[in-house]
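Input: a single structure, listed below in structure tokens.
The values are calculated or read from the model by the stated rules, or taken from the named source; none is laboratory data. In this text the structure is predicted, and so the values were computed from the model without any measurement. Cβ placement follows ideal geometry from the backbone for every residue including glycine, while neighbour counts extend to all protein chains displayed. Each accessible area value is taken on the protein alone, full model and side chains, heavy atoms only, with ligands, DNA and RNA left out. Shrake-Rupley method; radii C 1.70, N 1.55, O 1.52, S 1.80 Å.
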Amino acid sequence: SSSRGRAPPRAPGGHNVCRLLTRRAHGFFARDAGVAHRKNLGLLRKIMCQESTKFKNVWTTHSASPIAYERGRIYMDNYQCCITSVAQGPRILYQKSKCAKSEKIEDALLLECPLGEMLPSPSDYKSSLIVLTAQNWLLRLSADSGEVLEKIYLAGSCCKFFRYLSWDTPQEVMVVKSAQNKLPAAARQAGIQQSVLFYLAVFQVLPLSFIGMLEINKKIFGNSVTDVAVSNGILIVMYSMGLVRLYNFKAILEQFMEQPYDLGQEFNWNGQAGVVGKYPFGLPCNIKITDTPPLLFEASSLENAFQIGGYPWHYIITPNKKKHKGVFHICSLKDNTLAKNGIQDMKCCSLEPDWIYFHPDMSGRIIHVGPNLIKVLKLKEVKNHADQMEIAEDFTIVANRENCVNNSVTVTASGRVVKKRFTLLDDDPEQETFKIVDYEDELDILSTVAVTQIGADGRAHLDFHCNEHGILLKSIPLTESWDVTYSHEVYFDKDVVLHIEQKPNRRFSCYVYQMVCDTAKED
């Protein structure tokens, strides 16, 4: 046999065990499903960015009710109709009969099976939709057929109108929030006081199990509470004067839980016997906050705008005065110190304000979007000051305004000098303006929508940028006209682009684009 060729395989004992385990954790082995998936997505990204690859408008529909999109599924007619956008062309997955007003769906969350966990029911391994109805029913529906898999009644005698679904921990812990509790006008005139503002019901998902229900009470949290939210184990309480307070939600559940209950369990509540999660009793309010919980953190910010992210932890606020609108302070969560270059101000003169948020790619970076400029910022240590952080520019994306002329003085063909009495706003429709910025996590692409509107005709294009360096990879023109006065959502999901538009008088349109490869132009 020839001496050339591959070296003989090493004996199994020749490898360092720690190194093997580390490589396996990072998914370095060819037979690992994660490696194959990453390779496939890498190939898809390369194909998508080829010059000959186009995105073609394959389907358009119009509706008198809102249109929603979740992971390749388009929901219409208040979630009674589900259309898949993944197939060759959109097709109906299921169509249910029109529901009564009392069965109207107020909110919905997509529930996906966790990896590597044993679940009690075969249906738990498939995607499902958690929906909240106007009559306080929480339903788990099959995402593919619309079949009702589970049904829980939330509110009984104490007239709680639940309206909002959100994740505390994504795909693990879900929070159902009531509308703000308000007394009828007659009761208020009679001098009756309302102390309970909101109810929160907390669930573990897959399998769906009840953790507890609690009240947000003025007597505990103060009279000026305007809203509450739960995220990543933190109870966020917002106040009318711009104050935001954070509490440890898990500690609240543990400290003030009166008695745990399971769904389907018989119970006696205030002298009434019932079954947890069944009509007409619903869920017991088994978490009673009797004293103000320990405060983790508080900050004052204009319009309660407050975000936490980055590494080490930082937060973003706007100083609580109207004159500071559009000015953002980036501060250390540890000691509230302002980061070096931590005041970000684009000094925009525009109708719509610029906006800022922590990058969803978990890199700790910050995205600041203005009418004609997108800044991607990063936190880094100040040289020779390891304990201090500074804000540095990672890259910028600039709108194409090369053809824009904004002279205050113009000369007509006859030689007459005309002076303008006004200057264009930074987000004037006749100049290319950024409207949407999003991140596609599976392809690691930053997408932007830029719009130019001259007269009644608005033109938009969706651009793909390298998430690491901001380099433009591809530009896709959207063929439909874009009116800047309407509300718009654009979703970029692997090889599909979806544009949902809301016109006046609750008229909705949906435009679906799919990737098309022109193989004749490829070698």
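Restricting to the stretch 431-446, name every residue that is out of contact with any strand residue (DSSP E or B) (no Cβ under 7 Å at 6 or more places or on another chain) and of a type in the set (D, E, K, R).
Matches in the stretch 431-446: 441, 442, 444.
Given the conditions (1) open to solvent by 50 Å² or more (accessible area, probe 1.4 Å); (2) part of a strand (DSSP E or B), report the number of the one that residue 110 does not fulfil.
If we test residue 110 against (1) open to solvent by 50 Å² or more (accessible area, probe 1.4 Å); (2) part of a strand (DSSP E or B), just (1) comes out false.
Evaluate the following for residue 310: is it buried (at least 16 other Cβ atoms within 10 Å of the Cβ) and closer than 30 Å to residue 382 by Cα? Before the answer, list the steps.
Working: buried (at least 16 other Cβ atoms within 10 Å of the Cβ): yes; closer than 30 Å to residue 382 by Cα: yes.
Taking the combined requirement at face value, the residue satisfies it.
Would you check which residues across the stretch 507-521 are under 23 Å from the mean Cα position of the chain (by Cα) and either more than 16 Å from residue 464 (Cβ to Cβ) or open to solvent by 30 Å² or more (accessible area, probe 1.4 Å) (or both) and list them?
Within the stretch 507-521, 508, 509, 510, 511, 512 qualify.
Condition test on residue 396, is it at pLDDT 95 or above and open to solvent by less than 70 Å² (accessible area, probe 1.4 Å)? Before you say what the answer is, go through the steps one by one.
Working: at pLDDT 95 or above: yes; open to solvent by less than 70 Å² (accessible area, probe 1.4 Å): yes.
Considered against the rule, which asks whether it is at pLDDT 95 or above and open to solvent by less than 70 Å² (accessible area, probe 1.4 Å), residue 396 comes out as yes.
Does residue 332 count as at pLDDT 90 or above, open to solvent by 40 Å² or more (accessible area, probe 1.4 Å) and among the small types (Gly, Ala, Ser)?
no
Which pairs have Cβ atoms under 7 Å, sit 6 or more apart or on different chains, and link a residue in the stretch 495-509 that is in contact (Cβ under 8 Å) with a residue 40 or more places away in the chain to one that is among the aromatic types (Phe, Trp, Tyr) and in a loop (DSSP other than H, G, I, E, B)?
502/486
Pick from the stretch 451-477 the residues that are farther than 14 Å from residue 433 by Cβ and at pLDDT below 90: which of them is surrounded by the most Cβ atoms within 10 Å (Cβ to Cβ)?
Residue satisfying both the conditions and the ranking: 457.
Scan the stretch 47-71 for residues that are crowded, with 18+ Cβ neighbours inside 10 Å, assigned to a loop (DSSP other than H, G, I, E, B) and not hydrophobic (A, V, I, L, M, F, W, C) and jot them down.
Correct list: empty.
Give me the residue from the stretch 145-182 that is at pLDDT below 90 and among the charged types (D, E, K, R) and, out of that set, surrounded by the most Cβ atoms within 10 Å (Cβ to Cβ).
The selected residue is 160.
How many of the residues making up the stretch 198-218 are in a strand (DSSP E or B), open to solvent by 40 Å² or more (accessible area, probe 1.4 Å) and without any contact (Cβ under 8 Å) to a residue 40 or more places away in the chain?
At the first step, the residues of the stretch 198-218 found to be in a strand (DSSP E or B) are 198-204, 209-217.
Those still in the list that are open to solvent by 40 Å² or more (accessible area, probe 1.4 Å) too: 204, 209, 211, 215.
Then drop every residue that is not without any contact (Cβ under 8 Å) to a residue 40 or more places away in the chain, which leaves 204.
Matching residues across the stretch 198-218 total 1.
Quick check: is even one residue across the stretch 119-139 open to solvent by 60 Å² or more (accessible area, probe 1.4 Å) and in contact (Cβ under 8 Å) with a residue 60 or more places away in the chain?
Looking for residues that are open to solvent by 60 Å² or more (accessible area, probe 1.4 Å) and in contact (Cβ under 8 Å) with a residue 60 or more places away in the chain, one finds at least one in the stretch 119-139, hence yes.
Inspect all residues belonging to the stretch 262-274 and state whether any of them is assigned to a strand (DSSP E or B), modelled with pLDDT of 95 or more, open to solvent by 30 Å² or more (accessible area, probe 1.4 Å) and touching a strand residue (DSSP E or B) at 6+ places or on another chain (Cβ under 9 Å).
No, the conditions are met nowhere in the stretch 262-274.
With the condition being closer than 20 Å to residue 357 by Cα, I'd like the strands (runs of 3 or more DSSP E) fully within the stretch 423-523 carrying at least 3 qualifying residues. Working first, answer last.
Values: elements: 433-440, 445-454, 457-466, 472-478, 487-493, 496-503, 507-517.
Correct list: 433-440, 445-454, 457-466, 487-493.
List, please: which pairs have Cβ atoms under 7 Å, are six or more places apart or on different chains, and start with a residue in the stretch 328-343 that is under 9 Å from residue 316 (Cβ atoms) and end with one that is open to solvent by 80 Å² or more (accessible area, probe 1.4 Å)?
Within 7 Å, the pairs are 329/343.
What residue, among those in the stretch 80-104 that are in contact with a Leu (Cβ under 7 Å, 6 or more places away or on another chain) and surrounded by 18 or more Cβ atoms within 10 Å (Cβ to Cβ), is modelled with the lowest pLDDT?
Of the residues in the stretch 80-104, the ones in contact with a Leu (Cβ under 7 Å, 6 or more places away or on another chain) are 82-85.
If we keep only those that are surrounded by 18 or more Cβ atoms within 10 Å (Cβ to Cβ) too, we end up with 82-83, 85.
Values: 82: 94, 83: 94, 85: 85.
Residue satisfying both the conditions and the ranking: 85.
Restricting attention to the stretch 275-297, which residues are over 22 Å from residue 150 (Cβ atoms), part of a strand (DSSP E or B) and open to solvent by 20 Å² or more (accessible area, probe 1.4 Å)?
First pass over the stretch 275-297, keeping only residues over 22 Å from residue 150 (Cβ atoms): 287-297.
Cutting the leftovers down to part of a strand (DSSP E or B) gives us 287, 295-297.
Selection gives 295, 296, 297.
Does the stretch 234-261 hold any residues that are in contact (Cβ under 8 Å) with a residue 40 or more places away in the chain and in a loop (DSSP other than H, G, I, E, B), and which are they?
241, 242, 260, 261
Looking at (1) under 20 Å from residue 168 (Cβ atoms); (2) open to solvent by 40 Å² or more (accessible area, probe 1.4 Å); (3) aromatic (Phe, Trp, Tyr), can you tell me which one residue 221 breaks?
(2)
Looking at 480, 501 in this structure, which one is over 20 Å from the mean Cα position of the chain (by Cα), modelled with pLDDT of 95 or more, acidic (Asp, Glu) and open to solvent by less than 50 Å² (accessible area, probe 1.4 Å)? Even if it seems obvious, please write down each step before you answer.
Working: 501 fails: over 20 Å from the mean Cα position of the chain (by Cα).
The conditions single out 480.
Listed residues 231, 195; which is among the hydroxyl-bearing types (Ser, Thr, Tyr), open to solvent by 40 Å² or more (accessible area, probe 1.4 Å) and in contact (Cβ under 8 Å) with a residue 12 or more places away in the chain? Steps first, please.
Numbers: 195 fails: open to solvent by 40 Å² or more (accessible area, probe 1.4 Å).
When all the criteria are applied, what remains is 231.
Can you tell me how many residues in the stretch 377-391 are touching a residue at least 12 places away in the same chain (Cβ under 8 Å), over 20 Å from residue 317 (Cβ atoms) and open to solvent by less than 80 Å² (accessible area, probe 1.4 Å)? Before you say what the answer is, go through the steps one by one.
Step one: filter the stretch 377-391 for residues touching a residue at least 12 places away in the same chain (Cβ under 8 Å), giving 377-380, 382, 388-391.
Subsequent filtering for residues that are over 20 Å from residue 317 (Cβ atoms) retains 380, 382.
Cutting the leftovers down to open to solvent by less than 80 Å² (accessible area, probe 1.4 Å) gives us 382.
Of the residues in the stretch 377-391, 1 are touching a residue at least 12 places away in the same chain (Cβ under 8 Å), over 20 Å from residue 317 (Cβ atoms) and open to solvent by less than 80 Å² (accessible area, probe 1.4 Å).
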